[in-house]
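The values are calculated or read from the model by the stated rules, or taken from the named source; none is laboratory data. As the structure is a computational prediction, the values presented were derived from the model and not from experiment. Using ideal geometry, Cβ is built from the backbone for each residue, glycine included, and neighbour counts are taken over all protein chains shown. Protein only, heavy atoms only, side chains kept; ligands, DNA and RNA dropped before computing areas. Shrake-Rupley method; radii C 1.70, N 1.55, O 1.52, S 1.80 Å.
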Amino acid sequence: MDYKFSDKVTGLKASAIREILKFTSVPGVISFAAGNPAPEAFPTEKIAQISADIFNEDPILALQYNITEGYTPLRDYLKNMMKQKNCFNPDIDDLIVTSGAQQANELACKVLLNEGDTLICESPSFIGSINAFKSYHVNLVGVELEEDGINLEKLEQTIKTEKNVKLLYLIPNFQNPTGRTMSLAKRKAVYELACKYDFVILEDNPYGDLRFEGEDIPSIKSMDTEGRVIYTGTFSKILSPGFRTGYVSAPAEIIQKIVVCKQVSDVHSNIWAQLVCLRFMNEVNIDEHFAKLRKIYKEKCELMLSYIDNGFSKKISYTKPEGGLFIWCTLPDDCDMNAFCTKAVKDYKIAVVPGNAFCINETDKTTSFRLNFSTPTNQQISDGMEILASMTREMFD
C-alpha cells in the first residue's frame, strides 16, 4: 500500500544519533555517541527499596489513574525547590509534571506557536527538541553559538528580520551538544531582548545539577519579572531517564493550556515513577547524592580530556565543559567531518556523533563532532580515546 503521511511528519527524519547508535551493536565498537547517564550513577538499591515500600503500603496509588498536572506532593516539592532558586513565583507561576523535559519543550511550542511563527534556537542544538519544533511547521531559525552562549548581535538581527518571533529556545547550562555554558551577562541580555521585542524564552535545564567545575550561574527564569520565561527540568540526569519524569514551570495561563494539551497526549505521566522520585528526594541526603554524581562525571570528563590534551592532533580544538555530559570537538576547516566520523566507526570502531546531527538546517556547515563521557566505562574511555587520538594524528599531523 502507498501510504500518504500527514504534512506534519513527512519532513521528519530519524535522529542521526539513533542511526549511528546502530553501529554500537557491532562487536568491538566503543561508543562515545550516546548521551545516557553513567550506569554507576543509578541508585538501584534505593529505588528497589522505595518501590517495594510503595507497593507494600499503597499499591493502588501507584497503579491507578491520577491527575494530569502530576502527583500533588511531588509538584509541591518541585515548587518549593524552584522557589529556593528564585525560579518560581507563587503569585504568577504554576507547575506541571511531564513525561520528561522533552515533552515539556514540545508542549510549550504547541501551546504558543502557530504554523509559520518563528522559533529561534541556538545552533547547534538538541536534536530531540529540534524535531519536536519542526513537527509543528514553525519557522525554525538557528543563531550561532559562541563560547559563552548565543551570539547576541546575530540574535537581535534575527529578531528584527524574522516575522512573528514568538519563542527563543535555550540550553544555558552545559549545552547539548557543545557542553558550553551561557555567561551571566548574556543571560541578562537575552532576557532584556525578550522584554524589548516581546517574546517568550524556553529555558531547558536538564544538566544544571551536574556542575563539577566553576560557580553556579542564576537561571534566566530567576530574572523574570514579566512572566515571559518557561523553565523545564527533569529527573533523567539526576535519578533515572527511564522514569520519563520531567516538569515545566511557567506562568499559570501557559500551564493551563499545557495541561489541556497533555490530556490529549498521554493523560498524565507515570505515577509510580513520580512517587519514587518524591520519596527518593525526601529520603536521601540530596547534597551527598549530587556530590556523588558530580564526582563520577568530573572523573570521566577529566579522563577523556587528558587524551585530547595529550594525544589528539593540535589542529583539533575543543570546548572544556564545566558540567554535563558532552565535549564538542572541532576539526580543521578543510576537513570532511562526516567522512571523519564514518572512518572512526568503520575503520577504528569508535562511534562519535557528527555535528550536523544538531544543525537546524541541512545546509548548515560544521566540522565539529560530539563526544559523550558519561556512558562509557573508564576503561572504554581510555581504550577508545587512545585509538581516536592516534587516528587524529595520522590524519592531521
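Just a few scattered comments:
- Subset of K166/K257; K154/K237; K134/K300 violating a 23 Å alpha-carbon distance limit: K154/K237; K134/K300
- Under DSSP loop assignment and at most 16 Cβ neighbours within 10 Å, longest GluC sites (Glu not before Pro)-free interval of the chain: 227-361
- Proximal charge balance of T232 [Cβ under 12 Å; K/R count +1, D/E count -1]: -2
- Where the chain is the region considered: accessible area per residue in Å², 1.4 Å probe: 45
- Along its principal axes, the stretch 117-232 has C-alpha extents of 39, 29, 24 angstrom, given from the largest down.
- FRET E, pair A252, N282, Förster distance 41 Å, beta-carbon r, rounded to 0.05: 0.95
- Shape of the chain, Cα gyration tensor, a/c cut at 1.5: oblate
- Amide H to amide H, with H built 1.01 Å from N, F174 comes under 5 Å of T181, M182, counting only residues 5 or more places away or on other chains.
- Around G28: net Lys/Arg minus Asp/Glu count, Cβ-Cβ under 11 Å: 0
- Of all beta bridges that DSSP places with both ends in the chain, some 55 percent have antiparallel geometry.
- Prolate/oblate/rounded label for the stretch 72-140 (Cα gyration tensor, a/c 1.5): prolate
- Euclidean distance of C-alpha centroids, the stretch 108-136 and the stretch 187-225, integer Å: 18
- Of the listed residues W328, W272, the order by accessible area with a 1.4 Å probe, largest first, is W272, W328.
- Of the chymotrypsin sites (Phe, Trp or Tyr not before Pro) in the stretch 30-98, those whose Cβ has at most 14 other Cβ within 10 Å and which sit in DSSP loop: Y65
- Within a Gaussian network of the chain (alpha carbon springs, distance under 10 Å), most fluctuating of K196, K298, K237: K196
- Taking the inverse of the mean 1/r over every pair of distinct Cα atoms in the stretch 55-170 gives a Kirkwood hydrodynamic radius of 16.7 Å.
- Overall, the accessible surface of the chain at a probe of 1.4 angstrom is composed of carbon and sulfur to the extent of 49 percent.
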